[in-house]
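Every number here is computed from the coordinates shown, using simple stated rules; none is lab data. In this text, all values refer to a predicted model and were calculated from it rather than measured experimentally. Because the Cβ atoms are built from the backbone with ideal geometry, glycine has one as well, and the counts that use them run over all protein chains shown.
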Amino acid sequence: MKIYAHRGFSHKYPEATRAAYQGAIGVGADGFECDVRLTKDGIAVCFHDRDTKRIAGVKKRVASLTLEELKAITEVMTLEELLEFAKLNDKKVLIETKHPVLSGGKIEKRVIELGKQYKFTAMSFSLFAVLRLKRELDDVAFVIAHRWRLFYIPTEKVAIDVELLESSRWARRILRNHEVLVWTVNEKKYIPKLNGWKVSGVITDRPDLPFRLS
């Protein structure tokens, strides 16, 4: 079972920053998770929210800012910087493209371009985004937060909400022939169950939790 640091070691450090990803290395995480959006000048950045209010205290849409303008407001890594950092440290990467966005499928195009240089798993809640990614990339996962999403699963690999997986025996049965990642696992109570569910990876804000002892 692989341990993926959700936006880095985000329980301890500012999320999706170099410090958070470096902190994840320090506690032995196998890989990183990041959410990506496009800036106004078309740069893929590691940023979860649509705007900067929660992170920076100033409400600006990420899509309306250039990379330089965004960096003037808050600390941010480009996706390429994260991928290079992961490569240098021999870490896996999960990349989630955010939707809906005004730029439509442009974020997937940029991720696909980077797939020519780097290895990673690309994923999204958006079915259309997943289908775009699948046309060009081999390693793609569908992100599932609701039971109805389980009626059509277009990928062999899925990332599913840990509460849904725990509460639904039907979900566990549907996914038994899939490679399963679970998110966001931040409580010790889930650890004994992970091996029983035969998950391949756990996405967590707390990569310091004793997952390897489960």
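Net charge in the neighbourhood of residue 146 (other residues with Cβ under 12 Å of its Cβ; Lys, Arg +1, Asp, Glu -1) is 0. When only the Cβ of Lys, Arg, Asp and Glu is charged (+1, +1, -1, -1), the dipole of region 59-214 relative to its Cα centre reaches about 600 debye.
Going through (1) 47, 36, 32; (2) 57, 45, 30; (3) 61, 49, 35, the figure that equals Cα extents along the principal axes in Å as computed for the structure here is (1). In terms of other Cβ atoms within 10 Å, 161, 41 run from fewest to most in the order 41, 161.
Placing a label point 7 Å from the Cα of residue 118 along the Cα-to-Cβ direction, the residues of region 54-89 whose backbone N falls under 13 Å from that point are 77-89. Using the charge dipole of the chain (Lys, Arg: +1 at Cβ; Asp, Glu: -1 at Cβ; taken about the Cα centre), state which of 76, 196, 10 has its Cα farthest towards the positive end. So the residue we want is 196. When the C-alpha to C-alpha distance is required to be over 23 Å, the pairs from 12/134; 134/193; 98/119; 134/157; 40/91 that qualify are 12/134; 134/193; 40/91.
With a Förster radius of 41 Å applied to the beta-carbon distance between residue 60 and residue 169, the computed FRET efficiency rounds to 0.40.
When the helices of the chain are scored as -39500 (n - 2.57) per DSSP H run of n ≥ 4 and the total is divided over every residue, the value at 222 nm lands at -8500 deg cm²/dmol. Of the chymotrypsin sites (Phe, Trp or Tyr not before Pro) found in region 94-160, the ones in coil according to DSSP and having at most 11 other Cβ atoms within 10 Å of their Cβ are 152.
The antiparallel fraction among DSSP beta bridges confined to the chain stands at about 15%. Calculated FRET efficiency, residue 187 and residue 136, Cβ-Cβ r, R0 45 Å, to nearest 0.05? Efficiency for this residue pair is about 0.80.
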